[in-house]
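Notes to accompany the following structure.
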Amino acid sequence: MKPLRDQFTRFDNEMAARQWSADTRDAYRDRLERFAKWLESEQASVTALSEITPDTVSAYQLALCKAEKKRGGPLAPASQHAFLTALKSFFRFLVAERILIIDPTRALELPKLGRRLPQGLMTTKEVRSLMRQPDLGTYVGLRDRAILETLYSTGLRNSELRHLTVHDIDLERGFVTVLRGKGKKDRVVPLGKIAAHFVRDYLGKARPHLVREAAQATLFLCYEGGRPLAMNTLIDIVHRNAKAAGLKKRTFPHGIRHTCATGMLRGRADIRYIQELLGHESLSSTEIYTHVEIRDLKRVHARAHPRERDLPPDSEWD
C-alpha cells in the first residue's frame, strides 16, 4: 500500500529529527512494515489511509494474538505490545501532522504485561564453558572472547556493546564509558581484569586485521568488511558459542546481562550499585533480580527455620 509506506518514510524522518536511536527506528520500521503486509494480504479493499478504521486495527490486533513466532509458538504479549505501540505512535504522528483527522488506534487497549523473571540465566559452570568456546588462535575467536567477557563483566545491552568505540575503553583504569545508552543517558561502568585482558588481546592481535578504514573507531567489528556489528550478528555470536558449549537453553546477550546482575546480587552487591551498573532509571527495574534469589532463600530456610532444624533427615512427618 504505497500511501501508507510513503507516510512510513515521513514518520521515520520525524523519529530521526527527535533523535530516536537507530535501533529504535529500525524496529519501528519493521513493525510498521508487518502491518502494511497484513493489510495487503488480509484487507485488500483498504487502499487509502482514511479507510483504516478502529475495526481494521482491532482485526490486526486479533491477528497478532493468533500469530506465531518464527520458531513456533504464539507471539508473546510483549511482542504484540511492541507492534501495537509502534502503530499507535505512527497514527498519532499522522493526526499531529493533520494527514488524518481521526486516530483509528485511539481507543486501542494494549495487552497487559506482567513482570517476567529474568530469562536465560546461566550457572557459573555454564559461563566458564561459554567463555572457553572461542578459538583464540583466530581473529574472530579473539573478538568473540573479548565480546563475551565484556558482556559478562559489564552487563551491557546489545546495542550498548555494539556502539562502543576504542575511545570508550580505559583498560588501564578498568572502565567503560557508555555514551547515549537506553534513554540517551551516559554512564561509566567497571570493566573487570579478565575482560580487560581479553579486550587488550583483541585490540593488539585481531582488530588491526579486521578494520578496513583508519577512521573506523567502533570497537568490535565484523570479519568481512570491517563493519560495526549488527544486532543479529551479536546475537548469533552468543548463540554459536553457547551451542558449542553444549548449553541446552537458548542464550542471548540479554541473558548474559541477567547472569551478570544475578551473580552480583548473590555476591551481596547492594542493589543500587547493580542499578547503576545496568543503567536502570528506576530501582523497580532492578528489583526484579531479587526474585531469582528464591534458591538462596530456600537454602537459608532449610538451615534456619526452627521447624526444619527440628526435623531429623529420615524421620516421618507426624
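Please treat every number below as a calculation from the coordinates, not as lab data. Being a predicted model, the structure only gives us computed values, none of them experimental. No Cβ is skipped: glycine too gets one built from the backbone with ideal geometry, and neighbour counts run over all protein chains shown.
Points worth noting:
- Gain in span if fully extended, R106 to R128, counting 0.36 nm per residue against the direct Cα distance: 2.9 nm
- Efficiency of FRET from Cβ geometry, R98 and K249, R₀ 41 Å, rounded to 0.05: 0.25
- Cα shape, the range 225-270, gyration tensor, a/c 1.5 rule: oblate
- Selection from F90, Q43, Q19 lying farthest towards where the dipole of the range 2-96 points positive, charges on Cβ: Q19
- Cα-based convex hull, the range 124-287, per residue volume (Å³, whole number): 114 Å³
- Extended-chain gain in nm, criterion 0.36 nm per residue less alpha-carbon gap, K66 and E33: 10.1 nm
- Separation of the range 3-43 from the range 122-199 is 32 Å, based on Cα centroids.
- Dividing the C-alpha radius of gyration of the range 2-96 by 2.2 N^0.38 Å, with N its residue count, gives 1.08.
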